[in-house]
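K.L.:
First the structure, which I've put down as structure tokens, then a few questions once you've had a look.
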Amino acid sequence: MSSQVASHRVGKKLVDVIFGASAACAEAVKEHGADKVTNATIGAIMGEDEKLACIPTMEKVFHQLPIADAIAYAPIAGLPGYLDTVIDLTFADNKPEGYLAAVATAGGTGAIHHAIVNYTEAGDQVLTSDWFWGTYNVLCQEQGRTLTTYQLFDENQNYNLKALAAKLEELFAKQDSLLLIINTPAHNPTGYSLSEADWTGVLDLCKKYAAEGKKVNLLVDIAYIDYAGEKNECRRFMKQFSNLPENIFTMFAFSMSKGYTMYGQRTGAIIGLSASKELVDEFVDVAKYSSRATWSNINRGAMAVLNAIQQDDELLAAFEAERESLYEIIRDRAAIFMKEAEECGLNALPYKAGFFLSIPAKDSKAVCDELHKDLIFAVPLKAGVRIAVCSVPKQKMYGMAAKVLKALKAV
Ligand code: PLP
């Protein structure tokens, strides 16, 4: 086959399993009607009416946006008010001690991109857990890095600190620096949230290698934090990042996609934290440079929406209450599944919160195909089946765990 693209781009093609699963689902809806079909593939909140949920206060503020706020360029780093607010929102009452700065990015994806570009060497291996959001892999590959993984859970379904330790040992034998990506709380795709003790263990390991002179870079992907429980409770671990050694650089990937139901507006931020002001200034410089070299500046309108909500106590109270009710819907849906899973003996991974839960499976594609017979559509991942509780109404959650168990036994 002939090719016109540059030689190093030949064969680059996005394999989108989620798209495949949702296309099969759309076919089933045509044939059987939406009432009969369960679409557990979508990574966005669908209300109990199965329509895309929108936080009403966000919608109101968005529609009332002065046109200049929507159309004018924003500074490359992001609107000043937005950047301060994003830092406050990220930590709430758990701001760690140290220097902090934020740079606006194209969603959380843009933040992950910036961390990979600027905090890994060409050819490096980037580390995350074996259950992970597939986009991490694409983002690494695009930059000439590879993604490698450690086992997220041990045999008792606890956070597998031993596996992390072994992998860090292996990688630091080859690399002088490392980027470790941890998606918590409310991890995609398992719904796990690292506990305070898990984090102490992770940071102790980071400190061990920092003491040996390695550069340890940590990216905490908090894309789902607004659906992870009480605001300060689910952010308490952040205090542990206070006054880390200078060669541990911590970053947070902030996203408006889920927290503001503004997925398509592509707005987020990367936040850098260090005991060294110099290193935080350097972080801002390189992140701004990467922004200029990729998307230039970020959606001003979305940043203005966040600012407007944050600056008005009444709007903020309404917004938070509305988002809380979405959180409660998702929590209740997952609780139905997890209760039934326990009752029927289905081995679901330890879900704490968030949009997704997962069930380990050797041949996840076959299990998903089997589920199609019950008109249930889920996403087959390498290590198992992902159920998007964010997109399935409560009434369709009942009985699903037993059907997944049946499908697992049939393959
Ligand atoms: N991180 C994880 C684990 C995600 O699942 C997502 C979105 O699906 C994101 C980050 C970032 O999303 P966005 O780029 O829309 O902010």
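The values are calculated or read from the model by the stated rules, or taken from the named source; none is laboratory data. In this text, all values refer to a predicted model and were calculated from it rather than measured experimentally. Backbone-built Cβ (ideal geometry, glycine too); neighbour counts: all protein chains shown. Accessible surface is based on the protein model in full, side chains and every heavy atom, while ligands, DNA and RNA are left aside. Shrake-Rupley method; radii C 1.70, N 1.55, O 1.52, S 1.80 Å.
K.L.:
Within region 157-176, does at least one residue satisfy the condition of being within 14 Å of the ligand (Cβ to nearest atom), open to solvent by less than 20 Å² (accessible area, probe 1.4 Å) and either touching a residue at least 24 places away in the same chain (Cβ under 8 Å) or among the acidic types (Asp, Glu) (or both)? Full working, then the answer.
P.N.:
Quick first cut of region 157-176, residues within 14 Å of the ligand (Cβ to nearest atom) only: none.
No, there is no match, as no residue in region 157-176 is within 14 Å of the ligand (Cβ to nearest atom), open to solvent by less than 20 Å² (accessible area, probe 1.4 Å) and either touching a residue at least 24 places away in the same chain (Cβ under 8 Å) or among the acidic types (Asp, Glu) (or both).
K.L.:
Name the pairs whose Cβ atoms lie under 7 Å apart, with the first residue in region 349-363 and part of a strand (DSSP E or B), the second surrounded by fewer than 19 Cβ atoms within 10 Å (Cβ to Cβ), and 6 or more positions between them or separate chains?
P.N.:
Ile359/Asn347; Pro360/Asn347
K.L.:
Please enumerate the residues belonging to region 300-328 that are hydroxyl-bearing (Ser, Thr, Tyr) and exposed (fewer than 14 other Cβ atoms within 10 Å of the Cβ).
P.N.:
The first filter runs over region 300-328 and keeps only residues hydroxyl-bearing (Ser, Thr, Tyr), leaving 325, 327.
Result: Ser325, single match.
K.L.:
Would you be able to tell me the number of residues in region 13-57 that are closer than 27 Å to Gly134 by Cα and in a helix (DSSP H, G or I)?
P.N.:
Here the count works out to 13.
K.L.:
What's the number of the only condition in (1) in contact with a Leu (Cβ under 6 Å, 6 or more places away or on another chain); (2) away from the ligand (no atom under 14 Å from the Cβ); (3) more than 23 Å from Ser195 (Cα to Cα) that Tyr150 fails to meet?
P.N.:
So Tyr150 meets the others, but not (3).
K.L.:
Could you say whether any residue in region 236-253 is open to solvent by 10 Å² or more (accessible area, probe 1.4 Å), of a type outside the set (Val, Ile, Thr) and within 16 Å of the ligand (Cβ to nearest atom)?
P.N.:
No, that holds for no residue.
K.L.:
Quick test for you: out of Ala111, Ala106, pick the one residue that is at pLDDT 95 or above, over 21 Å from Leu381 (Cβ atoms) and open to solvent by 10 Å² or more (accessible area, probe 1.4 Å). Full working, then the answer.
P.N.:
Working: Ala111 fails: open to solvent by 10 Å² or more (accessible area, probe 1.4 Å).
On inspection, the qualifying residue turns out to be Ala106.
Listed here are the residues, each with its yes/no results for (1) charged (D, E, K, R); (2) touching a Ser or Thr at 6+ places or on another chain (Cβ under 8 Å).
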{"position": "Asp204", "(1), (2)": "yes, no"}
{"position": "Leu218", "(1), (2)": "no, yes"}
{"position": "Ile222", "(1), (2)": "no, yes"}
{"position": "Lys239", "(1), (2)": "yes, no"}
{"position": "Asn243", "(1), (2)": "no, no"}
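K.L.:
Given (1) within 12 Å of the ligand (Cβ to nearest atom); (2) buried (at least 20 other Cβ atoms within 10 Å of the Cβ); (3) over 24 Å from Leu180 (Cβ atoms), where does Lys258 come up short, assuming only one miss?
P.N.:
Condition not satisfied by Lys258: (3).
K.L.:
If you don't mind, there's one more thing I want to ask. Yes or no: region 267-289 includes at least one residue that is at pLDDT 95 or above and touching a Lys or Arg at 6+ places or on another chain (Cβ under 7 Å). Steps first, answer last, please.
P.N.:
So the first thing to find is which residues in region 267-289 are at pLDDT 95 or above, and the list is 267-289.
Among the residues that remain, those that are also touching a Lys or Arg at 6+ places or on another chain (Cβ under 7 Å) are: none.
There is no residue in region 267-289 that is at pLDDT 95 or above and touching a Lys or Arg at 6+ places or on another chain (Cβ under 7 Å).
K.L.:
Residues of region 211-260 being in contact with a helix residue (DSSP H, G or I) (Cβ under 6 Å, 6 or more places away or on another chain), in a loop (DSSP other than H, G, I, E, B) and of a type in the set (S, T, N, Q), which ones?
P.N.:
Passing the criteria: Asn247, Ser257.
K.L.:
Starting from residues that are of a type in the set (A, V, I, L, M, F, W, C) and surrounded by fewer than 24 Cβ atoms within 10 Å (Cβ to Cβ), keep the ones in region 350-366 and report whichever is nearest to Thr190 (Cα to Cα).
P.N.:
Going through region 350-366, the residues of a type in the set (A, V, I, L, M, F, W, C) turn out to be 353, 355-357, 359, 361, 366.
Now restrict to residues that are surrounded by fewer than 24 Cβ atoms within 10 Å (Cβ to Cβ): 353, 361, 366.
Working: Ala353: 9, Ala361: 13, Ala366: 20 Å.
Looking at the filtered set, the residue picked out is Ala353.
K.L.:
Would you tally the residues in region 180-200 being open to solvent by less than 10 Å² (accessible area, probe 1.4 Å) and away from the ligand (no atom under 12 Å from the Cβ)?
P.N.:
2
K.L.:
Next up: Kindly provide the set of residues from region 263-287 that are open to solvent by 10 Å² or more (accessible area, probe 1.4 Å) and within 16 Å of the ligand (Cβ to nearest atom), ordered by number.
P.N.:
Across region 263-287, the qualifying residues are Tyr263, Gly264, Gln265, Arg266.
K.L.:
Taking region 270-314 on its own, how many of its residues are of a type in the set (A, V, I, L, M), part of a helix (DSSP H, G or I) and either within 14 Å of Pro75 (Cα to Cα) or in the same structural domain as Ala111 (by TED's automatic domain parsing) (or both)?
P.N.:
Of the residues in that region, 9 qualify.
K.L.:
Moving to a separate point now. Out of the residues in region 123-156 that are over 19 Å from the mean Cα position of the chain (by Cα) and part of a loop (DSSP other than H, G, I, E, B), which is surrounded by the most Cβ atoms within 10 Å (Cβ to Cβ)?
P.N.:
Asp124
K.L.:
Which of the residues belonging to region 79-126 are aliphatic (A, V, I, L, M) and within 16 Å of the ligand (Cβ to nearest atom)?
P.N.:
Val86, Leu89, Ala102, Val103, Ala104, Ala106, Ala111, Ile112, Ala115, Ile116, Val117, Val126 - these are the residues of region 79-126 that are aliphatic (A, V, I, L, M) and within 16 Å of the ligand (Cβ to nearest atom).
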